[in-house]
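Contents: one structure, followed by commentary.
The values are calculated or read from the model by the stated rules, or taken from the named source; none is laboratory data. Since this is a predicted model, take the numbers as computed values, not measurements. Note: ideal-geometry Cβ built from the backbone for every residue, glycine included; neighbour counts use all protein chains shown. Just the protein is used for accessible areas: all its heavy atoms, side chains included, with ligands, DNA and RNA removed. Shrake-Rupley method; radii C 1.70, N 1.55, O 1.52, S 1.80 Å.
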Amino acid sequence: NRYWDAIVYLENVYHALTESWLRGSITDDDKRMFYQTCYLIGYCYAEMGLYEKALFFLEIVRPLNNIRYNIEYINCLANSRDIRAINTIHNELNQLAQLKESEITDGIIFYHNFLRRRRAYTFVDMGRLDDAEEAFKEMLNEDANKEYAKGELEYIQELKKLKGINNIASEE
């Protein structure tokens, strides 16, 4: 939980590697370190709720199509209630749907489940409770998502009750 301490060091690495890249003297190992540093800085800022700063660094690694980097980027979009979240999630799900069966790994399955859960929860954030409920109900028969879906369906029912109470109160 010492994110500020880490950021001080990581940003020094980021700036040094950026200079190397601009001078054209960056090696392949330095590029890997640059991208990992961007991810770590983005992660630290996201953990502190500084989503705009986090997204700056996470967008640098986004084109690499690394599952771990993508998950952090999508979490940052969703946690900040960024309007790009739902479209980004849908685009990722569409890309995964295009994969051949031979290309599907355990990592891809994990990522697919993550995207589906995140999409459903993003529906909750958008107030699209019926869409969220439908998405979570689809997950009830899946070992990887069952427990999470149960908890979220209970939460949606609470939100619907509150919404109903608020609607009655506003009509009076």
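Against the longest principal axis of the chain, how steep is helix 67-79, in degrees 0 to 90 to the nearest 10, with axes from Cα atoms?
Tilt of helix 67-79: around 50 degrees.
Dividing the alpha-carbon radius of gyration of segment 79-172 by 2.2 N^0.38 Å (N being the number of residues), what value is obtained? Before the final figure, lay out the partial values.
Values: Rg = 15.7 Å, N = 94, 2.2 N^0.38 = 12.4 Å.
Ratio of Rg to 2.2 N^0.38 Å for segment 79-172: 1.27.
How much area per residue is accessible in the chain when the probe is 1.4 Å and only protein heavy atoms are counted (Å²)?
Values: 10770 Å² over 172 residues.
I get 63 Å² per residue for this part.
Applying 1/(1 + (r/R0)^6) with R0 = 22 Å to the Cβ-Cβ distance of Ser20 and Asn65, what FRET efficiency is obtained, to the nearest 0.05?
0.40
Show me the ranking of peptides 109-121, 138-150 by mean Cβ neighbours inside 10 Å, starting with the highest.
Top to bottom by mean Cβ count within 10 Å: 109-121, 138-150.
Build a GNM of the chain with springs between Cα atoms under 10 Å: which of Leu64, Leu40, Leu77 gets the top mean-square fluctuation?
Comparing Leu64, Leu40, Leu77 in a Gaussian network model of the chain, the most mobile one is Leu64.
Need one number: nm distance between label points at Ala6 and Lys146, each 7 Å from Cα along Cα→Cβ, rounded to one decimal.
It works out to 3.4 nm between the two label points.
List, in order, the whole-Hz ³J(HN,Hα) value for each residue of segment 32-46 obtained from phi through the Karplus relation with A = 6.51, B = -1.76, C = 1.60 and θ = phi - 60°; use x for Gly and Pro.
Along segment 32-46, the couplings run 4, 5, 4, 5, 4, 5, 4, 4, 5, 5, x, 4, 4, 4, 5 Hz.
Expressed in whole Å with the largest first, what are the equivalent ellipsoid semi-axes of segment 5-98 derived from the C-alpha gyration tensor as the square root of 5 times each eigenvalue? The partial results should precede the final answer.
Working: eigenvalues 125, 58, 17 Å².
For segment 5-98, the ellipsoid semi-axes come out as 25, 17, 9 Å.
Stretched out fully, how many nm does the piece from Ile109 to Gln36 gain, at 0.36 nm a residue minus the Cα gap?
Numbers: separation 73, 0.36 × 73 = 26.28 nm, distance 2.33 nm.
So the extension gain works out to 24.0 nm.
In whole percent, what relative contact order does segment 1-149 give with Cα contacts below 8 Å and a gap of six or more residues? It would help to have the intermediate numbers written out before the result.
Working: 123 pairs, mean separation 20.4, N = 149.
After rounding, I find 14 percent.
Mean 1/r over all different Cα pairs, inverted: what Kirkwood radius does the chain give, in Å? Could the numbers behind the result be given before it?
On the way: mean 1/r = 0.0548 Å⁻¹.
18.2 Å is the Kirkwood radius here.
Probe radius 1.4 Å, ligands and nucleic acids ignored: give me the carbon and sulfur share of the accessible area of segment 12-63 as a rounded percent. Walk me through the numbers on the way to the answer.
On the way: 1610 of 2990 Å².
Accessible surface attributable to carbon and sulfur in segment 12-63 totals 54 percent.
Net charge near Gln157: determine it from the other residues with C-beta under 14 Å of the C-beta of Gln157, scoring Lys and Arg +1 and Asp and Glu -1. Don't jump to the answer; show the numbers that get you there.
Details: positive: Lys137, Lys150, Lys160, Lys161, Lys163; negative: Asp130, Glu133, Glu134, Glu152, Glu154, Glu158.
Result for the neighbourhood of Gln157: -1.
Which whole number in µm²/s is D for segment 101-155 by Stokes-Einstein, with the Kirkwood Rh taken over Cα pairs at 37 °C and 0.692 mPa s? Present the calculation step by step, with values, prior to reporting the outcome.
On the way: Rh = 11.5 Å.
It comes out at roughly 285 µm²/s.
Roughly what would the spin-label model give for Lys137 and Gln157, points 7 Å off Cα along C-beta, in nm?
Placing both labels 7 Å beyond Cα along the Cβ direction yields 1.3 nm.
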